[in-house]
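Below you'll find the structure, written out as structure tokens, and then a few comments.
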Amino acid sequence: MPIILWIICGAVVLLGFTAFFGAPYVPSRNPEMERAFKKLYPLGKNDLLVDLGCGNGKVLKMASKFGARGIGIELNPLFFLIAKLRTRGDKNISIKFGDMFRMKLPDETTVLYVFGVERDGERLISHLEAEAKRLGHNLTLISYATPAKKHRPDREFEAYYLYRIKTQ
Ligand SMILES: C[S@@+](CC[C@H](N)C(=O)[O-])C[C@H]1O[C@@H](n2cnc3c(N)ncnc32)[C@H](O)[C@@H]1O
């Protein structure tokens, strides 16, 4: 098989990979995202934002612009590499390869961001409640485009939903 076909097959498999396990890759849009954070959760240098499924790392770059630190968790090896490359040299950002439902959050985590799929919403909130309990402090989740089915958001702005995740 010619090399180009191998490359195309590889790209299709990698792009389909997380679509099967969770959200497919679609990036958040910059002006909307910044507007929503300013309104719902103004980021600052005391924040550590964890992007659950960080794609190409653009949310982390936005957070870094406001002085916050950012950690991206990404399950798709292709996007993990792209995010690593796009954020290299930025001391505020690190990227980890793995599954958002299995990853332990760092102690200093203040806010989480997710642009996922609706079917994962409740599972994610349960996971974050267990993490908030383990860490011993409340967390804030900003979810884009996919509100959880049973939990009501504490605040919302356009397609962004803010959930306060309590320790109990
Ligand atoms: C809709 S994209 C959002 C990318 C980025 N957060 C943004 O808003 O621009 C969802 C990303 O989550 C990743 N993903 C899906 N399921 C995941 C999981 N269980 N753990 C980690 N990453 C996951 C996908 O590979 C994809 O890059």
> Regarding the chain, what whole-number volume in Å³ per residue does the convex hull of its Cα atoms give?
Replying inline: 110 Å³
>> Below 8 Å, C-alpha to C-alpha, sequence gap of six or more: please give me the relative contact order for the chain in percent.
In response: 19 percent
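Can you sort Ile82, Ile95 from fewest to most other Cβ atoms within 10 Å of each residue's own Cβ?
Working: Ile82 18, Ile95 23.
Going from least to most buried by this count: Ile82, Ile95.
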>> Taking every DSSP beta bridge with both residues inside the chain, roughly what % is antiparallel (nearest 5)?
In response: 35 percent
> Label-point separation (nm) for Lys38 and Arg155, each offset 7 Å from Cα along Cα-to-Cβ?
Replying inline: 1.4 nm
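What size of dipole, in debye to the nearest 20, comes out for region 28-168 about its Cα centre when the only charges are +1 on Lys and Arg C-beta atoms and -1 on Asp and Glu C-beta atoms?
Working: 26 positive and 17 negative charges, 42 e Å.
So the magnitude is around 200 debye.
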> Tell me, how many Å apart are the Cα centres for region 35-60 and for region 104-152?
Replying inline: 13 Å
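Using 1/(1 + (r/R0)^6) with R0 = 22 angstrom and r between the beta carbons of Gln168 and Asp99, what's the FRET efficiency to the nearest 0.05?
Working: r = 25 Å, r/R0 = 1.14.
E(calc), rounded to 0.05, equals 0.30.
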> Relative to the longest principal Cα axis of the chain, at what angle does helix 3-21 sit, 0 to 90 degrees, rounded to 10?
Replying inline: 20 degrees
> Could you work out the helix-only [θ] at 222 nm for the chain, with each DSSP H run of four or more residues adding -39,500 (n - 2.57) and the total divided by the number of residues, to the nearest 500 deg cm²/dmol?
Replying inline: -12000 deg cm²/dmol
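Computed from the coordinates by the stated procedures, all read-outs in this text should not be read as laboratory data. Just so we're clear, the structure is a prediction, and the values are computed from it rather than from any experiment. With ideal geometry, Cβ positions are generated from the backbone for all residues, glycine too; neighbour counts draw on all protein chains shown.
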